[in-house]
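Engineer: Once you've had a glance at the structure underneath, I'll fire off some questions.
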Amino acid sequence: MNRFLAAAFALLVPTLALADVDSRFAKLRDESEPLGGLGVFLEKYVGECDGALVDPQCKQQAEAFRKKYTGKRLYMIITEDDAGMLSPGDFNPGTNEYTINITPFFSGGKYGLSHGAPKKTDAQGNPVMNYLTVSGTAPDMWNGGTFNRMFMARGVRAQVVFTPQSVWTLPKKGGGKNYGVNARIEAVLVTEGRTGNPLGLWINGKDAGAK
């Protein structure tokens, strides 16, 4: 395979992997700007600008960055190794119907992106967030063990469409402050990492699979 064909194939594979999804999610995704890296984005958006070696223009640059991206729709992929915010919910062995819990807090470096601004932290100092829940029906050959093992083996990933709103702060355990980005999470598509098959969709403020 020559270099041109290899490059074309590399560009085509992600497109094929994302092609067979809910049309509502596809529309939001295609109207969004892809995010290169969450950690870098959060650092620039928060603009904490602490430390002796900070660029004197840091705060000005952060303000310009926030002005550019506040209210702008963005899209990111949470890979299997980073998808700790996804956890198994209930599994009905009679119908194979299940739920998946999404903690709407996405870590990137020392900061986090959340669905709305958290109001308090837990005993470990982590922001407390209410679950977003999605539902679906598993294939006939699955059971509760199969469903749970998929999460234990880091076999799920998420695609997220969000719009940044503002910076939030919370008291840090031991003193100081925690910073993060308050966002409006517009959609979360949960898929099986190995196959890309959709497992659940949260969109327009609700579970798309709810009956």
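Each reported figure results from applying straightforward, stated rules to the coordinates on display, with no laboratory input. Nothing here was measured: the structure is a model prediction, and the numbers come from that model. Every residue, glycine as well, gets a Cβ built from its backbone with ideal geometry; the counts of neighbours run over all protein chains shown.
Engineer: Provide the gained length on full extension for the span SER23 to LYS177, in nm with one decimal, where the gain is 0.36 nm per separating residue minus the Cα-Cα distance.
Structural biologist: 51.4 nm
Engineer: Taking only C-alpha pairs under 8 Å that are 6+ residues apart, what is the relative contact order of the chain in percent?
Structural biologist: Relative CO of the chain lands at 22 percent.
Engineer: A further question on this structure: Hey, what do the phi angles of the stretch 98-104 turn into as Karplus ³J(HN,Hα) couplings, whole Hz, using 6.51/-1.76/1.60 and θ = phi - 60°, x for Gly and Pro?
Structural biologist: Computed from phi, the couplings for the stretch 98-104 are 9, 10, 10, 9, 10, 7, x Hz.
Engineer: Only counting other Cβ atoms within 10 Å, I'd like LEU42, LEU132 sorted with the fewest neighbours first.
Structural biologist: In increasing order of surrounding Cβ atoms, one gets LEU132, LEU42.
Engineer: Using the crude model of +1 on Lys and Arg Cβ and -1 on Asp and Glu Cβ, and no other charge, please compute the dipole size for the stretch 37-172 relative to its Cα centre, in debye to 20.
Structural biologist: 520 debye
Engineer: Distance between the C-alpha centers of the stretch 131-147 and the stretch 69-96? Whole Å please.
Structural biologist: Centre-to-centre (Cα) distance: 13 Å.
Engineer: Now, a different point. Using the number of other C-beta atoms within 10 angstrom as an exposure proxy, rank TRP142, TRP202, TRP168 with the fewest first.
Structural biologist: Listed from fewest to most nearby Cβ atoms, that is TRP142, TRP168, TRP202.
Engineer: Here's another thing I want to ask about it. Under 20 Å between alpha carbons, and skipping anything fewer than 8 positions from LYS44 in its own chain: which aspartates and glutamates qualify?
Structural biologist: In chain and number order, the partners are GLU33, ASP55, GLU63.
Engineer: Can you give the local net charge around THR99? Use residues other than it whose beta-carbon is closer than 15 angstrom to its beta-carbon, Lys and Arg +1, Asp and Glu -1.
Structural biologist: Charge balance in the 15 Å sphere: -1.
Engineer: Now for a separate question. What ranking do LEU170, LEU199 get, fewest neighbouring Cβ atoms within 10 angstrom at the top?
Structural biologist: LEU170, LEU199
Engineer: From the list [x] 18.8; [y] 18.1; [z] 20.9, can you say which value of Kirkwood radius over Cα pairs in Å was derived from the structure given?
Structural biologist: Read-out from the structure maps to [x].
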